Structures are given as structure tokens and as C-alpha cells.
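Reading through the C-alpha cells given below for one structure.
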Amino acid sequence: MPSSLEWLTGGLGTALAFLWGFAEGTLFFILPDVVLSFTAMFRPRRALLHMAAIVAGAVLAGAVMFTWSAHGTGARDAVARVPAISPAMFERAELDFNQYGIWSVSLGPLRGIPYKVYAVKAPAHSTLWPFLLATIPARLWRLVTVWLGFAGAGALLRKLGRASLAPPLHAVFWVVTYIAYWTTVK
């Protein structure tokens with residue numbers, strides 16, 4: 001692991017993961033998976049703490065967005081201005097809630113719809129506590145998938161004696177992922 005990034009696998013990295021989970025659950029537009037995946041490549045066990053911190057941040061963000069949305073249209077309007085959020089996402093989230101109830105929040109990653117969209121739509125379909133409880137598995141399944149993929153990639157690179165390729169491969173993966181996402185979001 002590059003010595004300049006050792007802080008990422010310590011307590012400051014866990015705090016960053018929490019804050020990033022909260023930020024992305026509110027109005028930030030880059031997934032906390034970026035920090036989780038990097039940590040998983042070098043310190044998979046430490047990344048599990050990051051994952052827990054991200055989920056905790058997302059639950060807090062969900063509570064904020066749900067509560068804000070329950071008191072008017074300000075939250076929805078703010079989320080609508082986040083880059084790569086479209087009106088169609090709100091429509092799809094509404095359909096999901098009508099079809100799948102509170103568990104529709106788990107469909108966001110499959111549909112490319114950010115959690116925050118579901119959070120501001122949720123008050124019309126749920127009370128706060130069931131929504132927050134559904135948030136935990138809804139956020140965890142994607143994070144576990146990311147963790148498995150990047151922890152495995154890191155282990156493979158170490159086994160091949162090519163661990164130095166981890167940072168550039170990580171960067172390329174996320175740049176390509178976001179270019180693909182931002183150019184296809186409708």
C-alpha cells in the first residue's frame with residue numbers, strides 16, 4: 001500500500017467513509033464505494049469497518065432526507081438539482097414504491113437511481129423507522145458486492161506481485177464507470 005495513503009485505512013479513513021456515506025445519501029453525487037473499494041484492495045478487513053461506517057452515514061442521511069421531504073418539497077427540489085438526477089428517476093422510484101413497497105429502495109443500484117431519490121419519495125409510502133431499517137440491507141448488498149470484487153482484485157494483484165497496479169486500475173475503473181453512467185443517465 002502506498003505510504004501516503006496509510007491514513008485511509010486508519011481511523012481517519014473510517015471517518016471519511018461515514019461522512020462520504022452521509023454526503024452521498026444527501027446531495028453529493030459520487031458513491032462512497034470509491035473509498036471502500038480502494039481500501040478493500042489493500043486492507044480488506046479494515047474495509048469492513050468502512051462499509052459499516054458508510055451504512056451508518058447512509059442511515060443518518062436517509063433520516064435527514066426523509067424528514068426534510070416529509071415537511072415540504074425542498075428536499076425533492078434539492079435532489080432534482082444534483083448532477084445526473086433526472087425526472088424519470090423520481091417517476092421510477094414512485095412506481096417501485098407502489099409495486100414493491102419500502103423494499104424498493106434496494107432496487108436503486110440496479111436501476112442507476114441514487115438512494116437520495118428513494119429517500120425523498122419514501123414519506124408518501126412509509127414511516128421513518130421502517131424506511132431506515134430497509135436502508136441497511138438496501139445499502140449493504142451493493143457495498144458487499146463492491147468489497148468482494150475489489151478485495152479479490154487486490155489479493156490477485158498481490159499474488160501476481162503486481163500490487164503497484166492497484167491504484168491506477170482502481171482509478172481507471174471508477175473513471176470509466178462514471179463516464180458510462182453520466183453519459184447514459186436519462
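The values are calculated or read from the model by the stated rules, or taken from the named source; none is laboratory data. If you're wondering where the values come from, they're calculated on a predicted model, not measured in any experiment. A quick note on method: Cβ atoms are made from the backbone with ideal geometry, for glycine too, and the neighbour counts reach across all protein chains shown. Just the protein is used for accessible areas: all its heavy atoms, side chains included, with ligands, DNA and RNA removed. Shrake-Rupley method; radii C 1.70, N 1.55, O 1.52, S 1.80 Å.
The angle separating the long axis of helix 87-100 from the principal Cα axis of greatest extent in the chain is about 80 degrees. Across the protein chains, with a 1.4 Å probe defining accessible surface, the residues Lys116, Lys159 rank Lys159, Lys116 from largest area downward. Rounded to whole numbers, the Karplus 3J(HN,Hα) couplings from phi for the stretch 73-83 are 8, x, 5, 4, 5, 5, 5, 4, 8, 5, x Hz, using 6.51 cos²θ - 1.76 cosθ + 1.60 with θ = phi - 60°, and x at Gly and Pro.
Mean sequence separation of contacting Cα pairs (under 8 Å, at least six apart), scaled by the length of the chain, corresponds to a relative contact order of 27 percent.
Once fully extended, how much extra length lies between Val185 and Ala56, figured as 0.36 nm per residue of separation less the alpha-carbon to alpha-carbon distance?
The span from Val185 to Ala56 would gain 43.7 nm if fully extended.
In this structure the amide hydrogen of Ile85, modeled in the peptide plane, comes within under 5 Å of no amide hydrogen from residues 5 or more places off or on another chain.
For Arg162, Arg139, the ranking by accessible surface with the largest value first comes to Arg162, Arg139, using a 1.4 Å probe. Against the main long axis of the alpha-carbon atoms of the chain, helix 11-26 sits at an angle near 30°. Within the accessible area of the chain, the carbon and sulfur atoms contribute 71%, probe 1.4 Å, all protein chains present. In the chain, a dipole from Cβ-located charges (positive for Lys and Arg, negative for Asp and Glu) runs towards its positive end, and of Phe42, Gly108, Leu128 it is Phe42 whose Cα lies farthest in that direction.
Residue order by solvent-accessible surface for Trp103, Trp20 is Trp103, Trp20, largest first, with ligands and nucleic acids left out and a 1.4 Å probe.
Approximating the spin labels as points 7 Å out from Cα along Cα→Cβ, the Thr145-to-Leu133 distance works out to 2.5 nm. What the chain shows is 49 Å² of accessible area per residue, with the surface traced by a 1.4 Å probe over protein heavy atoms. Evaluating 6.51 cos²θ - 1.76 cosθ + 1.60 at θ = phi - 60° for every residue in the stretch 167-173, the Karplus couplings come out as x, x, 5, 4, 4, 4, 4 Hz, glycine and proline recorded as x.
Accessible surface for His125 stands near 60 Å², nearest 10, in the context of the full protein assembly shown (1.4 Å probe). Looking at the stretch 71-107, the trypsin sites (Lys or Arg not before Pro) that sit in a DSSP loop and have at most 11 other Cβ atoms within 10 Å of their own Cβ are Arg81. The angle between the Cα long axis of helix 44-70 and the longest principal axis of the Cα atoms of the chain comes to about 20 degrees, rounded to the nearest 10. Averaging Cα coordinates gives a centre for the stretch 131-156 and one for the stretch 47-69; these two points are 14 Å apart.
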